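Contents: one structure, followed by commentary.
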Amino acid sequence: MICVTIGCGSHKRMIEEWQKLAEDNVKFVELRLDYLRKEPQLYRLLPNRPSAVLATVRRKSDGGNWRGSEEERIQLLRSLIAEGVEYVDLELDVAPKIPRFGKTKRVVSYHNMEETPADLDAIRNEALAKCDPDIIKIAVTPKNIGDVFRLVDFLKRANSDRSKPRTLALSMTEMGFFTRVLGKKWGCPYTYASFSSIRTIAPGLPYYKKMRDEYRYDEINADTSVFGVIGDPIQHSLSPVIHNRSYVEQGLNCVYLPFRVSKEDMFEFVDKASEVLDLKGLSVTIPHKMDIMKKLTQFDPAVETIGACNTVVVDGYNRYGYNTDYIAAVLSIETAMAGRPVRSDEASPLEGQSALVLGAGGAGKALAYGLHERGARVIIADRKIEEGERVARWLGCEFCPWDEREGYVVQVLANCTPIGMFPNVDESPMSLKSLRGGMIVFDAVYNPETTYLLRMAKEKECRVVSGVDMFVGQACFQFKLFTGKPASASFMRRVVRNALSAVHED
Ligand code: NAP
């Protein structure tokens, strides 16, 4: 069950938001009465309420907004129970002062805005469990991934005895965001989500539509397979939406999550995620594509040569690494050249062609490797001469200093720098005069889909391949590696385009 938190300054707005949620079929809300600017008027809020309610009046020390005295707060909590709200949130220290009454269920809660205490079991068993709870809630602030995993282990233990009150444990940081979604797998009775995608009330609280429609919280169970993307930052990754929507489309009991993991925490995350989270596969993004290789038990030869891995299939303690970026980009370019998909055992249209790759970073290395493997003569242009030359030598390619890139006549041009990426949409890594009709122009940038470079290339009647083609292609390969099932590229493309237009509307 998803509990949507409403926190507004006015009663009118609170009632309107509640009504909107009910119209959207939301059956359970948390009213954060501590957000009201005036004294809460229960006679306006509670009669004829559109759904079940959890009433909360949070103090500032627990992350809330209550401005009145503690006596007034306790009086308000008693009144809420007398009015028969379905659930009331009572903090550990006030719960013993407020006896059970009527049908109101008691969520006895513990919040720690500073840390994740060492003995969560003691807080639960020796304190919260003694306050006559129907549900126990523990919300903490992990400092590192070890804290988050400790919280998960605690939650599993807490809910293993079904005769005891159910426990809800969550992390109030982006790092532990996944506890809010996967809690259902480990017996949490519900999770919290926010009414608005922009206005947030508690740290790490996700938008309810995302929780319901993208993560499909209500369908998660003990058998749900867990996948995700590991990176830092990770908030804007499109991978969760593309994979999760594809699971829905194919009716798979899987969920895909963003894992914000710092460089310091990455090894510990990878070591323990299979056991703690039942993780089956990972997409890997900045800054972990190189370092993750140290944690692979086996990898595709391309991973070693490119020096980057963007996909890990996890099977217990075995971790297999792949690079789906280079396959996707090269296949998209070959398809544009041949006018149809080219099989890997066929002669490539790239054979004997020359290609200029701009940038010697992760995408540049992947493209240069793939184009070279398929028989093209590849020139890498980069502004760091020593590093660029080293990469080019290693991959069997030529190097050209950045300032000389426009002097080359090539059949394939591949931009693998972020030039032209949102918000710098009026920038291009090449001038119009360097583009010639019939050339293949590829741009790894996918936001926007049609970059300034691609717009100019179309004007010169070049054939263009976008970063969206590459992104969708790599996601299709990952989907197959993760689930064993073919993905629908056209479906994924629609999802990515919708997600990109939503980003721009925001
Ligand atoms: P990266 O590892 O940081 O490499 C970026 C490269 O671009 C570096 O060689 C960098 O040179 C160069 N560069 C950056 N700004 C430049 C500028 N103003 N002028 C000249 N060179 C510049 O990044 P990456 O992972 O390869 O990503 C590159 C782009 O590809 C990003 O826009 C990313 O979103 C996109 N990408 C797309 C996909 C997809 O699926 N479509 C996949 C991966 C990446 P320095 O080292 O000198 O800074």
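The values are calculated or read from the model by the stated rules, or taken from the named source; none is laboratory data. Everything numeric here is computed off the predicted structure, so don't read it as measured data. A quick note on method: Cβ atoms are made from the backbone with ideal geometry, for glycine too, and the neighbour counts reach across all protein chains shown. Only protein heavy atoms, including side chains, enter the accessible area calculation; ligands, DNA and RNA are left aside. Shrake-Rupley method; radii C 1.70, N 1.55, O 1.52, S 1.80 Å.
Any residue in the stretch 434-447 that is assigned to a helix (DSSP H, G or I) and either away from the ligand (no atom under 12 Å from the Cβ) or crowded, with 23+ Cβ neighbours inside 10 Å (or both)? Before the answer, list the steps.
Taking the stretch 434-447 and keeping what is assigned to a helix (DSSP H, G or I), we get 434.
When the remaining residues are screened for being either away from the ligand (no atom under 12 Å from the Cβ) or crowded, with 23+ Cβ neighbours inside 10 Å (or both), the result is 434.
Checked against the condition, which is being assigned to a helix (DSSP H, G or I) and either away from the ligand (no atom under 12 Å from the Cβ) or crowded, with 23+ Cβ neighbours inside 10 Å (or both), the stretch 434-447 yields at least one hit.
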Checklist entry - within 11 Å of the ligand (Cβ to nearest atom) and either of a type outside the set (Gly, Ala, Ser) or touching a His at 6+ places or on another chain (Cβ under 6 Å) (or both): does that describe Asp325? => result yes
Checklist entry - Within the stretch 240-261, which residues are in contact (Cβ under 8 Å) with a residue 60 or more places away in the chain and either among the acidic types (Asp, Glu) or within 18 Å of Gly176 (Cα to Cα) (or both)? => result Glu249, Val255, Leu257, Pro258, Phe259, Arg260, Val261
Item to check | Lone unmet requirement of (1) within 29 Å of the chain's Cα centre (by Cα); (2) within 13 Å of the ligand (Cβ to nearest atom); (3) not aromatic (Phe, Trp, Tyr) for Gly484 | outcome: (2)
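Which residues, taken from the stretch 482-492, are open to solvent by 60 Å² or more (accessible area, probe 1.4 Å) and either assigned to a helix (DSSP H, G or I) or among the hydroxyl-bearing types (Ser, Thr, Tyr) (or both)?
Ser490
Just checking, which of Glu387, Glu398, Glu346 is among the acidic types (Asp, Glu), open to solvent by 20 Å² or more (accessible area, probe 1.4 Å), closer than 26 Å to Ala489 by Cα and without any contact (Cβ under 8 Å) to a residue 60 or more places away in the chain?
On the way: Glu387 fails: closer than 26 Å to Ala489 by Cα; Glu398 fails: closer than 26 Å to Ala489 by Cα.
Exactly one of Glu387, Glu398, Glu346 is among the acidic types (Asp, Glu), open to solvent by 20 Å² or more (accessible area, probe 1.4 Å), closer than 26 Å to Ala489 by Cα and without any contact (Cβ under 8 Å) to a residue 60 or more places away in the chain, namely Glu346.
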Next on the checklist: Here's a check for you: in the stretch 263-297, which residue that is at pLDDT 95 or above and in contact with a Pro (Cβ under 9 Å, 6 or more places away or on another chain) is nearest to Tyr217 (Cα to Cα)?
Outcome noted: Met266
Checklist entry - Among the residues of the stretch 457-467, is there at least one that is near the ligand (Cβ under 10 Å from one of its atoms), closer than 30 Å to Gly251 by Cα and surrounded by 14 or more Cβ atoms within 10 Å (Cβ to Cβ)? => result yes
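Run down Leu80, Leu31, Leu90 and say which single residue is surrounded by 20 or more Cβ atoms within 10 Å (Cβ to Cβ) and not in a strand (DSSP E or B).
Values: Leu31 fails: not in a strand (DSSP E or B); Leu90 fails: not in a strand (DSSP E or B).
Unique residue meeting the criteria: Leu80.
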Checklist entry - Name the residues in the stretch 354-368 that are in contact with a strand residue (DSSP E or B) (Cβ under 8 Å, 6 or more places away or on another chain), within 11 Å of the ligand (Cβ to nearest atom) and not in a helix (DSSP H, G or I), would you? => result Val357, Leu358, Gly359, Ala360
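I'd like to check which strands (runs of 3 or more DSSP E) are fully inside the stretch 135-202 and have at least 1 residues that are without any contact (Cβ under 8 Å) to a residue 60 or more places away in the chain and surrounded by 19 or more Cβ atoms within 10 Å (Cβ to Cβ).
Numbers: elements: 135-140, 166-171, 191-194.
So the answer is 135-140, 166-171.
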Item to check | Top-ranked residue in the stretch 401-423 [being within 14 Å of the ligand (Cβ to nearest atom) and open to solvent by 80 Å² or more (accessible area, probe 1.4 Å); ranked as farthest from Pro301 (Cα to Cα)] | outcome: Pro423
Item to check | Selected residue [open to solvent by 10 Å² or more (accessible area, probe 1.4 Å) and part of a helix (DSSP H, G or I)] from Glu351, Glu334, Glu304 | outcome: Glu304
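How many residues, within the stretch 380-399, are out of contact with any helix residue (DSSP H, G or I) (no Cβ under 7 Å at 6 or more places or on another chain) and of a type in the set (A, V, I, L, M, F, W, C)?
At the first step, the residues of the stretch 380-399 found to be out of contact with any helix residue (DSSP H, G or I) (no Cβ under 7 Å at 6 or more places or on another chain) are 384-390, 392-394.
From the residues that got through so far, the ones that are of a type in the set (A, V, I, L, M, F, W, C) too are 385, 392, 394.
Of the residues in that region, 3 qualify.
Does Glu387 satisfy the condition of being within 14 Å of the ligand (Cβ to nearest atom) and modelled with pLDDT of 95 or more? Even if it seems obvious, please write down each step before you answer.
Numbers: within 14 Å of the ligand (Cβ to nearest atom): yes; modelled with pLDDT of 95 or more: yes.
When the stated conditions are applied, Glu387 passes them.
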